[in-house]
């Protein structure tokens, strides 16, 4: 009986301890699982940090290599130069990457600005500091087609088609022995943004003290509507430059770019090259003009016109390949 009683007592102890042991085991398993997950998270964080450091180092190496290439050719990023006395003043735009197009929440955006996509400008290029002026056009072409010819030599040339711009660029290239061209649409937006991601290079808002546009219309609650409508182009560089030292990327006159018009960015190049072919008859315009409301001055805004079309709000800005 004593043996049976002892066994019963022992069994009772085991029964009472059973749930506690099970709970301790479950808690230990949970702790081990949490520790394993933490180790994985730490490994992932270290791996991401390493990848960022490697990417930053590669970017520094690319930037250093580009500086050496530019210096070998006598250029320096963001430093102005010109190829002849009557040639447009050019700014060296550094290579880089940016997000092209507009986010869905940007006020005034539409489907042609989508989808947003990352574009890499692999090589530096030169872009005119201002829109081509009437004086620069006359010096090479011998005439002035501008509707606002009374504005003077320092005003942008307008009333020029995409085809007219190509003729000017062909003559300028022949004169200088350099490869002048229109910027690609991606190059234009990259230069207009100058590192910004906001609707305008001035931020989320713009007003009549920062660009030439039709101030009879507002943009959101930006107080862009100042009833200030100059109703004509102004001399180039009338307003402060953006972060790449470029004037009038927004407003004054629309600027032709090289690309054919496409309804949106599906299938667009991601290397900064022009999306173009010789058969297309409609070309892209960027930047807005003195005739447009503030919404059209957004860096992502796209417009188009027939390549043969001329108008008193249509001009252009020259680009030049450096390599």
- Message: Please determine whether any residue of region 253-263 is under 22 Å from residue 134 (Cβ atoms), part of a loop (DSSP other than H, G, I, E, B) and in the same structural domain as residue 132 (by TED's automatic domain parsing).
- Response: yes
- Subset of region 150-174 that is outside any helix (DSSP H, G or I) and in contact with a helix residue (DSSP H, G or I) (Cβ under 8 Å, 6 or more places away or on another chain) - its residue that is surrounded by the most Cβ atoms within 10 Å (Cβ to Cβ): 156
- Positions within region 192-208 being in a loop (DSSP other than H, G, I, E, B) and under 24 Å from residue 257 (Cβ atoms), in sequence order: 194, 195, 196, 197, 198, 199, 201, 202, 206
- Any idea which residue in region 179-208 is surrounded by the fewest Cβ atoms within 10 Å (Cβ to Cβ), counting only those that are closer than 15 Å to residue 125 by Cβ and touching a helix residue (DSSP H, G or I) at 6+ places or on another chain (Cβ under 8 Å)? 179
- With respect to residue 116, determine if the residue is touching a strand residue (DSSP E or B) at 6+ places or on another chain (Cβ under 7 Å), at pLDDT 95 or above and over 19 Å from residue 246 (Cβ atoms). yes
- Task: Taking the options 259, 248, name whichever one is modelled with pLDDT of 95 or more and at positive phi.
- Result: 248
- Message: Among the residues of region 262-283, what is the count of those that are touching a helix residue (DSSP H, G or I) at 6+ places or on another chain (Cβ under 7 Å) and at positive phi?
- Response: 1
- Out of 240, 211, sole residue that is in the same structural domain as residue 164 (by TED's automatic domain parsing), assigned to a loop (DSSP other than H, G, I, E, B) and surrounded by fewer than 20 Cβ atoms within 10 Å (Cβ to Cβ): 240
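The values are calculated or read from the model by the stated rules, or taken from the named source; none is laboratory data. These numbers come from a predicted model, not from an experiment. Positions of Cβ are generated from backbone atoms using ideal geometry, with glycine treated the same way; all protein chains shown enter the neighbour counts.
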